[in-house]
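Asks: First the structure, then my questions, so here it is.
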Amino acid sequence: YCLLAWTWLRAAARYPVSMAMLSVSAAVVSGLDLLAIILMFTHTREMGGFTAVEVMFLYGTSVLAFSIADATFGTAERLGQHIRQGTLDSMLVRPVSPLIQIATEDFSPRRFGKLIPAVVVLAFVLPRLEVSWDAGRIAMVPAMVLCGIAIFGGLWVLAASVNFVLIEGHAATKAVTYGGAHLTQYPMSVFARDFVRGVTFAVPLAFVHARPALYVLDRPDP
């Protein structure tokens, strides 16, 4: 994986200005969701019982996990394109996993531009959370990110595999991947109860941020 990713990075580095502009634009686009949250809190003190700092904590951990998963496995969604064009066959005869080949395809530093808003937000909100930090809560924050990466990465691979049975499943799978990323930026308490059950027991998006955040923020389970 690292060798193929490095090969693509070296190719992108031949055009440093373009690479820098793409990374900055990715960071700006990712930050628009944060701007939306800030605008909401100009009209309200709480969102689903969570303060602005707490919602920004949810945003930071969720976006950080999603951005890393997107950088490492996001291009798995191109599987349907390779199936339709017949280029998947050439990948199957190479001595490397087809998943690794697709996941590293067109690997670019711009993927990591999405990390910038999340890192900045977490650096800002973590010292401002009104919680009693202990070993368990401190350990839970990186655990949230690592488990979020695993969940989003698994969803990407699962959504990509749907293309073996659907002719055009690209748009539908984005509802789970990118739609799930947008969903996890907000408290689960703002959504309908049946919907929350679905993203807890069917598609485990609630475990990216909502469930562990209740422990970190010392809040009762609603």
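The values are calculated or read from the model by the stated rules, or taken from the named source; none is laboratory data. Computed from a predicted model, the values in this text were never measured in an experiment. Positions of Cβ are generated from backbone atoms using ideal geometry, with glycine treated the same way; all protein chains shown enter the neighbour counts. These area figures cover heavy atoms from the full protein model, side chains too; ligands, DNA and RNA do not enter into them. Shrake-Rupley method; radii C 1.70, N 1.55, O 1.52, S 1.80 Å.
Asks: Sorted by accessible area with a 1.4 angstrom probe, largest first, how do Leu217, Leu39, Leu3 fall?
Replies: Ranked list, largest accessible area first: Leu3, Leu39, Leu217.
Asks: Which helices count as membrane-span-like in the chain under these terms: full DSSP H, at least 27 Å along the axis by C-alpha, Kyte-Doolittle mean of 1.0 or more?
Replies: Once both thresholds are applied, what remains is 16-40, 52-73, 135-161.
Asks: Among the chymotrypsin sites (Phe, Trp or Tyr not before Pro) in the range 1-53, which ones are in a DSSP loop with at most 11 other Cβ atoms within 10 Å of the Cβ? Mind listing them?
Replies: none
Asks: With 5 Å bins from zero, work out the P(r) of the range 82-160 over every alpha carbon pair and list the percent per bin.
Replies: All Cα pairs, binned at 5 Å, distribute as 3, 10, 13, 18, 15, 12, 9, 8, 5, 4, 2, 0 percent.
Asks: How would you rank 106-118, 10-22, highest first, on the average number of other Cβ atoms within 10 Å across their residues?
Replies: Highest mean packing first, the order is 106-118, 10-22.
Asks: For the pair Ala202/Phe112, report the inter-label distance in nm, with labels modelled 7 Å from Cα in the Cβ direction.
Replies: 3.8
Asks: Less than 18 Å from a label point 7 Å out along the Cα-to-Cβ axis of Asp134: which backbone N atoms in the range 195-218 qualify, by residue?
Replies: Under 18 Å, as judged by backbone N against the label point of Asp134, lie 212-218 of the range 195-218.
Asks: A follow-up question, please. Which FRET efficiency value, to the nearest 0.05, is calculated for Val157 and Thr42 with the Förster distance at 25 angstrom and r the Cβ-Cβ distance?
Replies: 0.05
Asks: Quick one, can you get me the convex hull of the C-alpha atoms of the range 46-111 expressed as volume per residue in Å³?
Replies: Spelled out: Cα convex hull of the range 46-111, divided by residues, is 109 Å³.
Asks: For the ranges 182-191, 135-144, what's the packing order if you count other beta-carbon atoms within 10 Å of each residue, average per peptide, and put the highest first?
Replies: The most tightly packed comes first, giving 182-191, 135-144.
Asks: Can you pull the semi-axes for the chain, root of five times each eigenvalue of the Cα gyration tensor, sorted largest first, whole Å?
Replies: 33, 21, 16
Asks: For the chain, report the accessible area per residue in Å² (1.4 Å probe, heavy atoms, rounded to an integer).
Replies: Roughly 54 Å² per residue, with all protein chains present.
Asks: Show me, bin by bin at 10 Å from 0, the whole-percent P(r) of the range 107-222 based on Cα pairs.
Replies: 11, 38, 35, 13, 3, 0
Asks: Just read off the accessible area of Glu168 with the full protein assembly in place, 1.4 Å probe, to the nearest 10 Å².
Replies: The accessible area comes out at roughly 120 Å².
Asks: Let me ask something else. May I ask for the Kirkwood hydrodynamic radius of the range 5-77, worked out over all distinct Cα pairs and given in angstroms to one decimal?
Replies: 14.6
Asks: Hey, any idea what % of the range 96-222's accessible area is carbon plus sulfur with a 1.4 Å probe?
Replies: Carbon and sulfur: 70 percent of the exposed surface of the range 96-222.
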